[in-house]
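Inspection log for the structure reproduced underneath, given as structure tokens.
Read-outs: derived from the displayed coordinates by stated rules, not from any lab. Not measured: the values here are computed from a predicted model. Ideal geometry is used to build each Cβ from the backbone, glycine not excepted, and the neighbour counts take in all protein chains shown.
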Amino acid sequence: MNEDAKKLVRGLKDLSPLFGVVPEEVVARRSPEVQILGVSSPDCEGDSLFLNTFFASQLLLSEKACSLVSVLSRCSKNLPREGEVSPELFGEHLQRYSLYWDELRDLVGGASSGKSGGVLQSRDIFLDFEYRHLLHFEGAICLLDKWVLLLKPNAESLTEGYKMMKVGHSLNPQLEFCIVLEGRAEEAKGEMLFKRFSDFTMRYLDIQLGWLGWMDLADPARHFSSALHVEPLRFRSWDPKPSLQKFVLAHWVESLEKKMAVGISEGGSR
């Protein structure tokens, strides 16, 4: 700093002590790592809950919350009672919440704020819905960050998967798609099929697919085999997809968690 500049600084300090205050470093608040995923299959009609629960169990991390939200039709046989939103425990660290399609539409559409007090925590949410029921609220696709499609390695299943991706991409251009093949792991065959299918979707839909490997539904002991890779499903801090509707759903889940915690606390103090 030259002599004239030093004199100017000393002069400003003499005029007001404010010019002598060193500004505090501003610490940027880190956004919560909220991610919403879905798992569907054109060949496993009615198995959405099982598939989403399975992948949620694979993605569970002790330092990050993971929740399952089931969207149900009002004609479903397995419905919560009117106004009942208590979570169900699916394993030690996974809780399931249920709501109707019209309730989801109202929630993310602004009819209900769905917010809770405090700072929203990071979490993964698996949105469990049957693809055929999407006509109740197509906007549900806009909530998803990643959509996992479980397909069989044959032309019919791949064609149906392509149709689902075409619909999803038209509703949510930012949506990521990941492919899992059903059956006994055949790495060479799977990689070949995936490459051809990925090239096709890139050419006609401009979609870059993610490869997750194989899942053998016929052999439960092999579900957890090394042939299935879930790392591509984890949240990427360098590629966030901000969405107000997504955070509204996360606030809704968190508010129910807090209500449950209060109920447990009050019950234990009696």
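For segment 135-190, calculate the relative contact order in percent as a whole number, restricting contacts to Cα pairs under 8 Å that are 6 or more residues apart.
Numbers: 51 pairs, mean separation 26.4, N = 56.
With pairs under 8 Å counted, the relative contact order is 47 percent.
With 32 Å as the limit, write out which pairs from K166/K258; K195/K241; K163/K241; K166/K259; K146/K258; K152/K246 have Cα-Cα distances beyond it, or answer none. Walk me through the numbers before you get to the answer.
Numbers: K166/K258 38 Å; K195/K241 26 Å; K163/K241 24 Å; K166/K259 39 Å; K146/K258 27 Å; K152/K246 30 Å.
Going by Cα-Cα distance, K166/K258; K166/K259 fall outside the 32 Å limit.
Nearest 0.05, what FRET efficiency do C44 and L244 give at R0 = 35 Å with Cβ-Cβ as r? Walk me through the intermediate numbers first.
Working: r = 32 Å, r/R0 = 0.91.
Given R0 = 35 Å and the Cβ-Cβ separation, E is 0.65.
What list of ³J(HN,Hα) values in whole Hz, one per residue of segment 95-101 in order, does the Karplus curve 6.51 cos²θ - 1.76 cosθ + 1.60 (θ = phi - 60°) give from phi, with Gly and Pro shown as x?
10, 10, 10, 10, 7, 7, 4
If packing is taken as the average count of other Cβ atoms within 10 Å, what order do 250-257, 68-75 fall into, highest mean first? Can you show the working numbers first?
Numbers: 250-257: 21.1, 68-75: 18.5.
Highest to lowest by the protection proxy: 250-257, 68-75.
Ordered by packing density, taken as the mean number of other Cβ atoms within 10 Å over each peptide's residues, highest first, how do 46-54, 137-145 rank? Can you show the working numbers first?
Working: 46-54: 18.1, 137-145: 20.4.
For the peptides 46-54, 137-145, the packing ranking is 137-145, 46-54.
What ranking, highest mean first, results for peptides 212-221, 232-241 when packing means the other Cβ atoms within 10 Å averaged over each residue?
Highest mean packing first, the order is 212-221, 232-241.
Show the residues, 5+ positions off or on another chain, whose built amide H is closer than 5 Å to the amide H of E33.
Amide H neighbours of E33: S122, R123.
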